[in-house]
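A.B. asks: Sharing a structure, written as structure tokens. Questions coming.
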Amino acid sequence: MDFTWIESLPQSGVLLALALLACAESLAVIGIVVPGVALLTLLAALASEQSIPLIWVLLAGFIGAVVGDGLSYGLGYWFRDRIHQWPGFRTHPQWLTQSTAFIHKYGAVSVVMGRFIGPIRPFIPVAAGLFRMPPQHFFLLNILSAAVWSPLYLLPGFLTGKVLDFTNPWVWGGMVIATLIAITCSVILGRRQSQ
């Protein structure tokens, strides 16, 4: 099978996909089912294979993460009285109760910590909005944590892409299998979290 088409993917498309995935991983409800780490690693490796500068890869991830958490914060802030009735939150009220308890316990630093804790990552910004954390505080913490998160999550994939030959069917197949395993694990963990 010929995988040379990977090298012809538009660089802007890879960066846009990376930013959108980083955003989706941070969004309330959606973020719990998106296998972000596996897919972000794959996209960062593809970006490296295409010789996209590391700074652009990190910037795409950073922007996506800031926007995703910002949108989730806005949901909690603006729809505070109704969000409990939305699909997902209505059937799984523990998502919000656990996140609000986390913010109550750790305060503003929970926005930074929450970005790195998988199961609660997409709900901490919503809870911050529910608590009416001042926007300037939330966005400062959001930006600072995304600046750390982006290299921490994307650099391993980028460095992996430097040593792998994605036109080799065995490498491509291995990456696809690893991604499918990660997606399966994410779905299983997501179901356990929602019970």
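A.B. asks: Of all residues in the range 26-61, count the ones that are touching a Gly at 6+ places or on another chain (Cβ under 9 Å), over 25 Å from Pro87 (Cα atoms) and in a loop (DSSP other than H, G, I, E, B).
C.D. replies: Within the range 26-61, residues that are touching a Gly at 6+ places or on another chain (Cβ under 9 Å), over 25 Å from Pro87 (Cα atoms) and in a loop (DSSP other than H, G, I, E, B) number 1.
A.B. asks: If you take the residues of the range 148-171 that are open to solvent by less than 50 Å² (accessible area, probe 1.4 Å) and farther than 20 Å from Trp56 by Cβ, which of them is modelled with the highest pLDDT?
C.D. replies: Here the residue is Val171.
A.B. asks: Which residue out of Phe3, Phe102 is open to solvent by less than 30 Å² (accessible area, probe 1.4 Å), modelled with pLDDT under 90 and in contact with a Phe, Trp or Tyr (Cβ under 9 Å, 6 or more places away or on another chain)?
C.D. replies: Going through Phe3, Phe102 in turn, the sole match is Phe3.
A.B. asks: Being out of contact with any helix residue (DSSP H, G or I) (no Cβ under 6 Å at 6 or more places or on another chain) and part of a helix (DSSP H, G or I) narrows it down to one residue among Gly74, Gly64; which is it?
C.D. replies: Sole residue among the options that is out of contact with any helix residue (DSSP H, G or I) (no Cβ under 6 Å at 6 or more places or on another chain) and part of a helix (DSSP H, G or I): Gly74.
A.B. asks: Pairs needed: first member in the range 8-21, at pLDDT below 85 and open to solvent by 40 Å² or more (accessible area, probe 1.4 Å); second member anywhere, in a helix (DSSP H, G or I) and not aliphatic (A, V, I, L, M); C-beta distance under 9 Å; at least 6 residues apart or different chains.
C.D. replies: Gln11/Trp56
A.B. asks: Tally the residues that are outside any loop (DSSP other than H, G, I, E, B) and buried (at least 18 other Cβ atoms within 10 Å of the Cβ), restricting the search to the range 113-126.
C.D. replies: 5
A.B. asks: Is it the case that some residue within the range 83-104 is farther than 27 Å from His137 by Cβ and in a helix (DSSP H, G or I)?
C.D. replies: Looking through the range 83-104, at least one residue is farther than 27 Å from His137 by Cβ and in a helix (DSSP H, G or I).
A.B. asks: Now for a different question. When residues of the range 44-53 are filtered for being within 18 Å of the chain's Cα centre (by Cα) and either under 13 Å from Tyr153 (Cα atoms) or open to solvent by 10 Å² or more (accessible area, probe 1.4 Å) (or both), how many remain?
C.D. replies: Final tally of qualifying residues: 3.
The values are calculated or read from the model by the stated rules, or taken from the named source; none is laboratory data. Keep in mind the model is a prediction, meaning the values are calculated, not measured. Neighbour counts run over all protein chains shown; Cβ positions are idealised from the backbone, glycine included. Side chains are part of the model used for accessible areas, which takes the heavy atoms of the whole protein and leaves out ligands, DNA and RNA. Shrake-Rupley method; radii C 1.70, N 1.55, O 1.52, S 1.80 Å.
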